[in-house]
Amino acid sequence: MNSSDEGSGKPLIMLLGMGDLSSKVLTMLLSDPATNRVVLAGRDTETIRRRGNLALFTATNLGLHGTVDTVHIDLRDVDATAETLARVRPDIIFMGGSLQSWRVITALPKETFEELDEAQFGPWLPMHLTLTHLLMQAVRASAIDAEVVNAAFPDAVGPVLATVGLAPTIGVGNVANIVPALTWSAAHLLDAHPSQVQVRLTAQHYFSHYVPRFGHAGKGSYHLAATVRGRPGTAELDHSALFGQLTDRLKRIGGIDGQLLTASSAVRVLKGMATDSGVIAHAPAPDGLPGGYPVRVHRGGGTLDLPAGLGRDEAIRINEECQRADGIDRIDDDGTVHFAEPEMAVMKRLLGYECQSMKLGDAGEWADELALKYAAFAAKYR
């Protein structure tokens, strides 16, 4: 490991799962001296080493000189992962790995994707829970004092793992991805510059996925408050007009290109933690809570920064209600997940996959079954 920045107070940030999202995060981290001490971890060390060098050389072109090291980690081997973590001792771990990316189904023909998308995201939970559960077991076994920032369906993965004391510190994306557009939309309606508008949104993944596509909240519950020039502006906002702009003048590119937005939300959180800044952000699952919230980010993660009039219990209730619209009916105290019937019925009809409830320890088996059923379904459209 490169030790040139050790002892400087600059945290060592480990990126796990070097797909498109983590690659974008890496480039952004290396563009800031506060976050440019990085180690990449994964199974294919040669590929991720080359990815690291590309980002390192890009930063060098901009006059920035960080460090990027590479280590082998296979999350399926918890003991070996724990040994590597104990040796490398990262201060912050960014979890960017899943068994199947959310964007895989977007490669289906448009009408087929839209039909399958009616199942929402909840039924795909096993694909995102499995590896994060293994990681958190390894973190515990390593006895290191590292914070974990999770990008794998954190809205639901966090609260499931919280039931066994293994919740990642905080999540990224989802609620954070819609706030910039809502800020620009509110600024337009309130005749203000976006820098003068502050939006505080409490909502689960369903809301942030649905509104930019359809211009309204669908079945999703949420709480939104806004200030303009430091004064309350919520009462002046027409939510129909606010959301409608996201499918019109503020419509953005989605898919793999849209992950640039998720990467920026991740780096906002990672930098806030690296610098202990207390920056205002939006994030899913702070301390394992369900859904997403406005937070202040510090070294140890995020603390709720709810608007006046919204209490913690009510914010949790709103997110749990929104979670049902995403296909997860409830999460029991032992981590058992019960899926909502209407959304699971879509999975059964299209894929032949049906999981009414899932114990935490069975997530890997359900993920394997879902992967096989989806592969057979998708093969018909190649």
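Which one is farthest from Ser98 (Cα to Cα) among residues in the range 59-83 that are among the polar types (S, T, N, Q) and in contact with a strand residue (DSSP E or B) (Cβ under 6 Å, 6 or more places away or on another chain)?
Of all residues in the range 59-83, those among the polar types (S, T, N, Q) come to 60-61, 67, 70, 81.
Still in the list and also in contact with a strand residue (DSSP E or B) (Cβ under 6 Å, 6 or more places away or on another chain): 67, 70.
On the way: Thr67: 26, Thr70: 19 Å.
Result: Thr67.
Is one or more of the residues making up the range 310-325 closer than 24 Å to Val148 by Cβ, modelled with pLDDT of 95 or more, within 23 Å of the chain's Cα centre (by Cα) and surrounded by fewer than 16 Cβ atoms within 10 Å (Cβ to Cβ)?
yes
Matching residues to (1) over 15 Å from Val175 (Cβ atoms); (2) not hydroxyl-bearing (Ser, Thr, Tyr):
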{"site": "Arg229", "(1), (2)": "yes, yes"}
{"site": "Pro232", "(1), (2)": "yes, yes"}
{"site": "Thr275", "(1), (2)": "yes, no"}
{"site": "Ala283", "(1), (2)": "no, yes"}
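Can you name the residue in the range 245-294 that is within 26 Å of Ala308 (Cα to Cα) and free of Cβ contacts under 8 Å to residues at least 40 places away in the same chain and is also nearest to the chain's Cα centre (by Cα) among such residues?
Gly272
If I ask for residues that are touching a strand residue (DSSP E or B) at 6+ places or on another chain (Cβ under 7 Å), of a type outside the set (Ser, Thr, Tyr) and open to solvent by 20 Å² or more (accessible area, probe 1.4 Å), which ones from the range 340-378 would you list?
Taking the range 340-378 and keeping what is touching a strand residue (DSSP E or B) at 6+ places or on another chain (Cβ under 7 Å), we get 340, 355-358, 366.
Next, only the ones that are of a type outside the set (Ser, Thr, Tyr) stay: 340, 355-356, 358, 366.
Result: Gln356, Trp366.
Among the candidates Val337, Val295, single out the residue that is more than 19 Å from Asn174 (Cα to Cα) and open to solvent by less than 40 Å² (accessible area, probe 1.4 Å).
Val337
Does the range 256-292 hold any residues that are among the aliphatic types (A, V, I, L, M), modelled with pLDDT of 95 or more and open to solvent by 50 Å² or more (accessible area, probe 1.4 Å), and which are they?
Scanning the range 256-292 gives a single hit, Leu260.
Run Asp32 past the list (1) within 21 Å of the chain's Cα centre (by Cα); (2) open to solvent by 10 Å² or more (accessible area, probe 1.4 Å); (3) under 21 Å from Leu260 (Cβ atoms) and report the number of the one that doesn't hold.
(1)
State yes or no: is Thr336 closer than 24 Å to Leu26 by Cα and of a type in the set (Ser, Thr, Tyr)?
Considered against the rule, which asks whether it is closer than 24 Å to Leu26 by Cα and of a type in the set (Ser, Thr, Tyr), Thr336 comes out as no.
For (1) more than 16 Å from the chain's Cα centre (by Cα); (2) of a type in the set (Val, Ile, Thr), each residue gets a yes or a no:
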position: Pro109; (1), (2): yes, no
position: Gly122; (1), (2): no, no
position: Thr132; (1), (2): no, yes
position: Ala141; (1), (2): yes, no
position: Ile144; (1), (2): yes, yes
position: Asn150; (1), (2): no, no
position: Pro154; (1), (2): no, no
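Ile253 passes all but one of (1) open to solvent by 40 Å² or more (accessible area, probe 1.4 Å); (2) in a helix (DSSP H, G or I); (3) at pLDDT below 95; which number fails?
It fails just one condition, (2).
Being touching a helix residue (DSSP H, G or I) at 6+ places or on another chain (Cβ under 8 Å), under 27 Å from Ala378 (Cα atoms) and small (Gly, Ala, Ser) is the filter here, so list the residues in the range 326-365 that pass it.
Within the range 326-365, Gly327, Ala340, Gly352, Ala363, Gly364 qualify.
Which of the residues belonging to the range 108-140 are more than 21 Å from Gly171 (Cβ to Cβ) and in contact (Cβ under 8 Å) with a residue 12 or more places away in the chain? Can you show your working first?
Filtering the range 108-140 for residues more than 21 Å from Gly171 (Cβ to Cβ) gives 108-119.
Leu108, Pro109, Thr112, Glu115, Leu116, Asp117, Glu118, Ala119, listed by residue number.
The values are calculated or read from the model by the stated rules, or taken from the named source; none is laboratory data. Given the structure is predicted, the values throughout are model-derived calculations rather than measurements. Positions of Cβ are backbone-derived with ideal geometry, glycine not excepted, and every protein chain shown enters the neighbour counts. The protein model used for the area step is the full one, side chains on, heavy atoms only, and it has no ligands, DNA or RNA in it. Shrake-Rupley method; radii C 1.70, N 1.55, O 1.52, S 1.80 Å.
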